[in-house]
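First comes the structure, then the notes that go with it.
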Amino acid sequence: MRSVLIAGSAVAVLVAAGAITYAVAGEDNDRGGVTVPSADSADAGFARDMAVHHQQAVEMSYIVRDRTKDTDVRRLAYDIAQTQANQRGMLLGWLDLWGLPKVSADPPMTWMGMGDMASGKDGALMPGMATNTELKKLGTLNGKQAEIFYLQLMTDHHKGGIHMAEGCVAKCTVTVEKNLAQGMVDAQQSELTTMAQMLKERGAEPRA
């Protein structure tokens, strides 16, 4: 499918660009030093929360690769898994470089002023995340049913991820992190279009 190939190329470019930014996730200050964000900053909050969000996308993508032989779905799942695993590594690496903890006592998305948006019930820690029950269900499906459910879950997941990335674009202060967040928005919006078409081809549509 041409759209899947285009999406794969786009995320490959994003990963390559992100890799270059890994070692420079700080901002030069007027005194010639490097200023790093605080533990309660949007920069740190986004890095922590998106790392968790991305981990689930990777998990879902590897589940569906074992449940279908469809080339297009498997290629899309591979692209998503590889891209988000690489981005997750960058986000956690930045926290290490900044000397900041990878976990927080505050609820997810507190840095966005939305700490009460997700109850965490059944593993859905942030908007768009699948529940533990949904992940288990995905692991029981095969073929077309697995493809449709994965595409629906990942559509919801991307919508939640885009919202969070847009929050970083607006609130983060580290330029390379803001740029990565904008790249996530662009790539995942493109993938939403791809997944909508793939669902249509399978006689399905995104969940309401």
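The values are calculated or read from the model by the stated rules, or taken from the named source; none is laboratory data. Since the model is a prediction, treat every value here as computed from it, not as a measurement. With ideal geometry, Cβ positions are generated from the backbone for all residues, glycine too; neighbour counts draw on all protein chains shown. Accessible surface areas use protein heavy atoms only, side chains included; no ligands, DNA or RNA. Shrake-Rupley method; radii C 1.70, N 1.55, O 1.52, S 1.80 Å.
Among the residues of region 52-92, just one is open to solvent by 60 Å² or more (accessible area, probe 1.4 Å), outside any helix (DSSP H, G or I) and more than 22 Å from residue 131 (Cα to Cα), namely 69. Put simply, of 178, 200 the only residue that is in a helix (DSSP H, G or I) and over 27 Å from residue 73 (Cβ atoms) is 178.
Specify which of the listed residues (32, 8) is at positive phi and either at pLDDT below 95 or buried (at least 19 other Cβ atoms within 10 Å of the Cβ) (or both).
On the way: 8 fails: at positive phi.
It is 32.
So the check is Cβ under 8 Å with 6+ separation or different chains; which pairs have a first residue in region 175-199 that's without any contact (Cβ under 8 Å) to a residue 60 or more places away in the chain and a second one that's outside any helix (DSSP H, G or I) and open to solvent by less than 20 Å² (accessible area, probe 1.4 Å)? Pairs found: 178/172. Does residue 144 satisfy the criteria of being touching a residue at least 40 places away in the same chain (Cβ under 8 Å), assigned to a helix (DSSP H, G or I) and surrounded by fewer than 18 Cβ atoms within 10 Å (Cβ to Cβ)? Against the criterion (touching a residue at least 40 places away in the same chain (Cβ under 8 Å), assigned to a helix (DSSP H, G or I) and surrounded by fewer than 18 Cβ atoms within 10 Å (Cβ to Cβ)), residue 144 qualifies. Checking each residue in region 98-120 for being surrounded by 15 or more Cβ atoms within 10 Å (Cβ to Cβ) and not hydroxyl-bearing (Ser, Thr, Tyr) picks out 98, 100, 107, 108, 109, 111, 112, 114, 117, 118. Checked against (1) open to solvent by 20 Å² or more (accessible area, probe 1.4 Å); (2) farther than 30 Å from residue 70 by Cα, residue 123 passes all but a single condition, namely (2).
Of all residues in region 162-174, how many are touching a residue at least 24 places away in the same chain (Cβ under 8 Å), assigned to a helix (DSSP H, G or I) and open to solvent by 50 Å² or more (accessible area, probe 1.4 Å)?
Step one: list which residues in region 162-174 are touching a residue at least 24 places away in the same chain (Cβ under 8 Å), which gives 162-165, 167-168, 171-174.
Within this subset, residues satisfying the condition of being assigned to a helix (DSSP H, G or I) are 162-165, 167-168, 171.
Remaining after also requiring open to solvent by 50 Å² or more (accessible area, probe 1.4 Å): 163, 171.
Residues meeting the conditions: 2.
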